[in-house]
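Where a number appears in this text, it was derived from the coordinates with a stated rule and is not lab data. Please read these numbers as outputs of a predicted model, since none were measured by experiment. Methodologically, a virtual Cβ is constructed for each residue, glycine included, from the backbone with ideal geometry; neighbour enumeration extends over all protein chains shown.
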Protein chains: 2
Amino acid sequence: MKRLQYASALTRLIGELARLPGIGSKTAQRLAFFLLSAPPEVAVNLAEAIREAREKVRRCSECGNLTDVEPCAVCASDMRNKNVICVVQDPRDVAAIEKYRGYKGVYHVLHGVLSPLAGVGPQELNIQSLLARLANGVVQEVILATNPDVEGDATALYLARLIKPLGIKVTRIAHGLPVGAHLEYADEVTLGKAIEGRREIE
Amino acid sequence: MKRLQYASALTRLIGELARLPGIGSKTAQRLAFFLLSAPPEVAVNLAEAIREAREKVRRCSECGNLTDVEPCAVCASDMRNKNVICVVQDPRDVAAIEKYRGYKGVYHVLHGVLSPLAGVGPQELNIQSLLARLANGVVQEVILATNPDVEGDATALYLARLIKPLGIKVTRIAHGLPVGAHLEYADEVTLGKAIEGRREIE
């Protein structure tokens, strides 16, 4: 007996949605049915937004951040301090630091971290253009703001060894307890870093 | 000082993704960056699948299930038993029952359940066309397979009162313990239904 399948266009939509990270087949089904039952403009706008983003958003030739103007708003701004470059692994990290509002320098986005097991070496990262930016003599400090995990730390160390010989100050973001955290719930590595990194109260 | 925002096309994509059910702003960001960094065809295919599904998938004029042929594959099949109609609240329920492979009848999709608080009355559901299908004298049994919750039960009761006077057999799917379940973890309402619905072992 012939068994009912979903309409083929629906099967295809479910399949495409299930390719997104963190979206399993059940969630993909739910999203597909939502897109079919919601007002038509919801689906149309989403399809259009995907197409538009894919078409317009590029990497800034200067810092590597995602942008739809060239160079990006930060690199183009004369309100930003070009003497300090904050190196991050991901465009989302730029957005996170911008929320803090206290950082006035510029950025450099690596688009990843060194990960020999995953086959990511220095060539796969946006490092050459970072070294090119440092060659102009304007930059006085590079803040390494990769994640405080094994790969992020290794990448920071690698970059520090490349950049220090150029006579540029290299700093690493501080490790320690998050604000609002409780000591008793902190893991011992974080606690160790927090104690090592202690500062005198003035 | 001017603050960096995401590129406007990216902001728009994140916003459209965040309108999907169960997708918060963090997940929307993650999906948007995935769509920008994945091979171009991933984004293109998804946008195209959304557009195509929205364009082609319609409700079957007979049973109300989602389909891209008219009538749908089940209604069009001469291998299905047109004497039995299984009434479900959602197209996903049709897919779930089809997986079981033991049901040979046809379906009717209500596209919802009665819910006075949400403003869903009989007019909002695909009930008129169900009554029209019953008028031809072919149907001998209507299986009410709405969910076993308050609204699903109320909807089943409402339909039973409409259909019984037509001289058609009306049945409700069984309540009881799921296969593989442990008695000690079952809630008392399910357990009560399982005991009420006990059947003699032959």
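Quick rundown of the values:
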{"item": "Local electrostatic count, B:Leu131, Cβ distance below 13 Å [Lys/Arg +1, Asp/Glu -1]", "result": "+3"}
{"item": "Residue with peak Gaussian network fluctuation, chain A [Cα springs, cutoff 10 Å], from A:Gln29, A:Gln89, A:Gln140", "result": "A:Gln29"}
{"item": "Cα gyration tensor shape of segment B:8-56, rounded if a/c is under 1.5, else prolate or oblate by comparing a/b with b/c", "result": "oblate"}
{"item": "Closest approach to the A/B rotation axis among chain A Cβ atoms, residue and whole-Å value", "result": "A:Ala47, 2"}
{"item": "Length-normalised contact order for chain B - Cα pairs under 8 Å, 6+ apart - percent", "result": "13"}
{"item": "Set B:Lys82/B:Lys104; A:Lys164/A:Lys193; B:Lys56/B:Lys82; A:Lys82/A:Lys104 screened for pairs whose C-alpha atoms are more than 18 Å apart", "result": "A:Lys164/A:Lys193; B:Lys56/B:Lys82"}
{"item": "Peptide A:90-100 - average C-beta neighbours from other chains (10 Å radius)", "result": "3"}
{"item": "Within chain B, helix-based [θ] at 222 nm, where runs of 4 or more DSSP H residues each add -39,500 (n - 2.57), nearest 500", "result": "-12500 deg cm²/dmol"}
{"item": "GNM result for chain A, Cα springs below 10 Å: residue of A:Ala76, A:Ala135, A:Ala32 fluctuating most strongly", "result": "A:Ala32"}
{"item": "Descending semi-axes in whole angstrom, ellipsoid equivalent of segment B:74-200, from the Cα gyration tensor", "result": "25, 19, 14"}
{"item": "Chain A - share of DSSP beta bridges that are antiparallel (%, nearest 5)", "result": "20"}
{"item": "Antiparallel DSSP beta bridges within the protein assembly as shown, as percent of all bridges there, nearest 5", "result": "20"}
{"item": "Shielding score for B:29-35, defined as the mean number of other chain Cβ atoms within 10 Å", "result": "5"}
{"item": "B:Thr171 long-range amide H proximity, modeled H, under 5 Å", "result": "B:Val142, B:Ile143, B:Leu144"}
{"item": "The protein assembly as shown - convex hull of the alpha-carbon atoms, volume per residue in Å³", "result": "239"}
{"item": "Sequence-separation-based contact order of segment A:73-142, relative, with Cα cut under 8 Å and 6+ spacing, percent", "result": "37"}
{"item": "Kirkwood hydrodynamic radius of segment B:7-130, from inverse mean 1/r over distinct Cα pairs, in Å", "result": "17.4"}
{"item": "10 Å Cβ neighbours from other chains, averaged over peptide A:40-48", "result": "6"}
